[in-house]
Amino acid sequence: MRTRLYQFADDSMLGRRIGEPGNVKGTDYIAREFARLGLKPGGDNGTWYQELPWGPLGFDRNASRFIVAGDRAPLLGGTDWIPAVPVTNAIGGRAEFTNVPTVFAGRWNDTTALDPNRFRGRVAVFLGGPMATGGGRGGRGGPQRCDALPDRFGAAAAVIADAAAAAARGGRGGRAGGNPAAADTMDARATAAGAVALVFIGLESTSATAIRAAFATRMGIQPGTAPPARPELPAAVITASVANKLFGKPVAELNVADIGKSVTGAWNDAWRKGPVAARNVIAILPGSDPARANEYVLVGAHNDHNGVAATAVDHDSVRAVNTVTRRQGGNDPACIPTADQQRRIDSMIARARSIRPPRADSINNGADDDGSGSMLMLEIAERFAKERPARSIIFISHQGEEGGLRGSRWFVDHPTVPLENIVAAHNMDMVGKGRVTEVKYGGPTSVQLLGARRLSREFGDIIDSVNAVRTETMAIDRSWDVTANPMRRFCRSDQVNYVRKNVPVVYISLGYTQDYHQVTDEPQYIDYEHSARLGRFVYDVMWAIAVRKDRPAIAGHDPAYPVC
C-alpha cells in the first residue's frame with residue numbers, strides 16, 4: 001500500500017481534482033491495477049469506466065434578467081439581485097416567468113403555514129434564505145482566540161458544540177449540522193403551497209464571495225440528467241431596497257401573504273461538456289456459485305481530492321499550527337493561539353527547520369482523503385483476486401466525492417449492475433491515520449463505523465460477529481454513529497447515496513486529523529500498519545457476507561437517524 005499511495009498522492013497528480021488531468025492519471029492507474037489483477041470491467045459498454053457528464057456551467061450575467069413591474073430597466077445583477085446557485089432537490093437553475101405576482105412568505109425556515117390560495121402560481125418572497133447567511137459583505141472580522149472556541153474534538157464534544165450553535169441561531173440548523181445549502185434543511189412550505197419561484201431578501205448579508213460567484217463559471221454535472229427527488233424552484237436573492245419597491249413599504253411592516261408587484265425573471269444555469277473526463281472506475285470479481293453470482297458485495301472509495309490551492313504556504317508551519325490548534329483540520333476554524341500553544345508551535349517549527357529547509361506547498365495531495373481508501377481497496381482487490389467467493393465482488397472507485405458525492409450519486413442513479421442485487425456496501429474514506437495522538441479513541445486497532453444498522457440490523461450484527469472471532473480484533477468506535485449526527489458526519493461521504501437507494505452500507509474510517517483538507521495531507525504521515533490491519537478486517541467482513549447463505553435482511557430506515 002505504501003508504494004501505491006506514494007504514486008497516487010504524489011505532487012505530480014496535482015491534487016486529483018475531478019475533471020482535471022491529475023484525476024485522469026489516478027483513475028487510469030486504478031483501471032490498470034484492476035486489469036493486472038484479472039478482474040472483469042464493470043463500467044459502461046464493457047469498459048472499466050463510467051463517465052459522468054461533467055463540465056463548466058453558470059449564469060450569463062448579460063442574458064440574466066429580473067424586472068419589477070413598472071420599472072423601465074431590469075435590476076442590476078450583482079448589485080440589486082443575483083440568481084441562487086442550484087441545490088439538488090430544492091433550488092433549480094432555470095427561470096422563465098413573466099409578470100407573476102409576488103407574495104410575502106415571512107421568515108425563511110419559519111413554521112407559519114402558507115395558504116395555497118395565496119401562493120399558488122406566484123413568487124414567494126422570504127426574509128433571509130440559504131444564501132443570506134454569509135455574515136455580511138465585510139465578513140465577521142478576524143479569527144477568535146483558540147481558548148474562546150468550544151471544544152469540538154471527537155463526536156461527543158461536537159454534539160455539544162453543534163447543539164450550542166443551533167441554540168444561538170434560535171434553534172435552526174439542528175441535526176443538519178448548520179449546512180444552510182443542504183437540501184434537507186430547505187424550507188419546503190412555498191413549494192408545497194404551489195409557488196413557481198422563490199425570492200430571498202438578504203443580498204446585503206450575503207458574503208462578497210457568494211455574490212462574486214453567482215455569475216462565475218463553476219464545474220458540475222449536466223443539469224437534468226437525474227430526475228430530482230423533490231421539486232426544484234428557481235430562486236433569486238434581492239436587496240431590502242428592492243423588496244421595499246416590490247411591496248411599497250419596509251420589510252419590517254410586512255405580513256405573511258401580503259401581495260406585491262409582479263416580476264419577470266429569466267436566467268439559466270447553462271452547461272457544456274468539459275475537456276477532461278470525470279469517471280468512476282468499476283471492476284467485478286465474478287462469484288463462484290451460479291445461484292448467488294448475480295448478487296454483489298461492494299467496496300468503494302473516492303479517487304478525487306481538492307486540486308491545487310491558489311496560494312502556497314509553508315508546509316511545516318501549517319502542520320505545526322494545525323497539530324496544536326486545529327486537531328481535525330478543516331473541520332476546525334483557524335484561531336489565535338494562546339501563549340502556551342504558540343510556544344509548542346514554535347518548537348515544532350524549529351525542530352522541522354533543524355532537519356530540512358522551508359517548503360512552499362500548494363498541492364492538496366489527498367493521501368489520507370481518500371488516497372488511503374482507494375489504495376486499500378486495491379489491496380483488498382488483490383487479496384480477493386486469489387479467491388472465489390460465492391457472491392460476486394464489485395470494486396468501485398467513486399469520482400467527485402469532494403465535489404458533492406457526484407460519482408456515487410451517478411452510479412446509484414445509473415447502476416451498471418442491478419442495485420437490488422447489491423447485498424451490502426462498504427465505503428472507506430480516510431483510512432490512513434487513527435493514532436491515539438490524532439483521533440479521539442484512536443489507537444493501533446481503532447476503526448470508526450457508521451451506518452451499518454440504519455437499513456439492516458443484521459448487517460451490523462454480521463460485522464460484530466466477524467470481529468468477535470478474529471484473532472486480530474478491531475476496537476470499533478461507534479461514537480459518531482448517533483442520531484445527533486455530529487458535524488453531519490454520516491452525510492458527508494458516498495455512503496449517503498447507497499442509503500438513498502435502500503442498499504445496506506457501512507462507512508468505514510479512521511477519523512479526522514490535523515491534515516484533513518490541508519496541503520499537509522501527504523503519504524509520509526500515513527500509518528501503513530494500521531491501514532493494513534483495517535484492510536484485513538474489511539476483507540473478512542466482505543468474505544463473510546459473500547459466502548453466507550442469505551443476504552443481510554433489510555429492516556428499513558431507522559427513523560431516529562436524520563435523512564441526508
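For (1) over 17 Å from Arg279 (Cβ atoms); (2) assigned by TED's automatic domain parsing to the domain that holds Met542; (3) over 16 Å from the mean Cα position of the chain (by Cα), each residue gets a yes or a no:
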position: Ala350; (1), (2), (3): yes, no, yes
position: Leu376; (1), (2), (3): yes, yes, yes
position: Ala381; (1), (2), (3): yes, yes, yes
position: Ile394; (1), (2), (3): no, yes, yes
position: Gly400; (1), (2), (3): no, yes, no
position: Ile422; (1), (2), (3): yes, yes, yes
position: Asp429; (1), (2), (3): yes, yes, no
position: Thr437; (1), (2), (3): yes, yes, yes
Residue list for the range 386-412, restricted to those being of a type in the set (Asp, Glu) and modelled with pLDDT of 95 or more:
Glu401, Glu402
Here are some residues: Arg118, Arg32, Arg17, Arg36. Which one is farther than 30 Å from Asn280 by Cβ and charged (D, E, K, R)?
Arg118
Can you give me the number of residues within the range 217-227 that are in contact with a helix residue (DSSP H, G or I) (Cβ under 9 Å, 6 or more places away or on another chain) and part of a loop (DSSP other than H, G, I, E, B)?
3
Cβ-Cβ below 7 Å, separation at least six or inter-chain, first residue in the range 63-81 and free of Cβ contacts under 8 Å to residues at least 12 places away in the same chain, second of a type outside the set (A, V, I, L, M) and part of a loop (DSSP other than H, G, I, E, B): which pairs?
none
Test: residue in the range 114-129 that is modelled with pLDDT under 95, part of a loop (DSSP other than H, G, I, E, B) and assigned by TED's automatic domain parsing to the domain that holds Ile67
yes
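Let's see how each residue does on (1) of a type in the set (Lys, Arg); (2) in contact (Cβ under 8 Å) with a residue 40 or more places away in the chain:
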| residue | (1), (2) |
| --- | --- |
| Asp413 | no, yes |
| Val436 | no, no |
| Val439 | no, yes |
| Arg453 | yes, yes |
| Ser456 | no, yes |
Which listed residue is in a loop (DSSP other than H, G, I, E, B), surrounded by 15 or more Cβ atoms within 10 Å (Cβ to Cβ) and outside the structural domain of Ile238 (by TED's automatic domain parsing), from Gly15, Gly38, Gly26, Gly19:
Gly19
Scan Thr185, Thr206, Thr225, Thr264 and give me the residue that is modelled with pLDDT under 95, in contact with a strand residue (DSSP E or B) (Cβ under 7 Å, 6 or more places away or on another chain) and among the hydroxyl-bearing types (Ser, Thr, Tyr).
Thr206
From the list Ile336, Ile355, Ile345, pick out the single residue that is outside the structural domain of Asn306 (by TED's automatic domain parsing), at pLDDT 95 or above, touching a strand residue (DSSP E or B) at 6+ places or on another chain (Cβ under 7 Å) and over 30 Å from Gly287 (Cβ atoms).
Ile336
Enumerate the pairs (first residue in the range 47-62 and free of Cβ contacts under 8 Å to residues at least 12 places away in the same chain; second residue anywhere and in a strand (DSSP E or B) and crowded, with 18+ Cβ neighbours inside 10 Å) with beta-carbon separation below 8 Å, excluding pairs fewer than 6 apart on the same chain, so at least 6 apart or on different chains.
Thr47/Pro41
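The values are calculated or read from the model by the stated rules, or taken from the named source; none is laboratory data. None of these values were measured; they are calculated from a predicted model. Cβ coordinates were reconstructed from backbone atoms using ideal geometry, including for glycine residues, and neighbour counts include every protein chain displayed.
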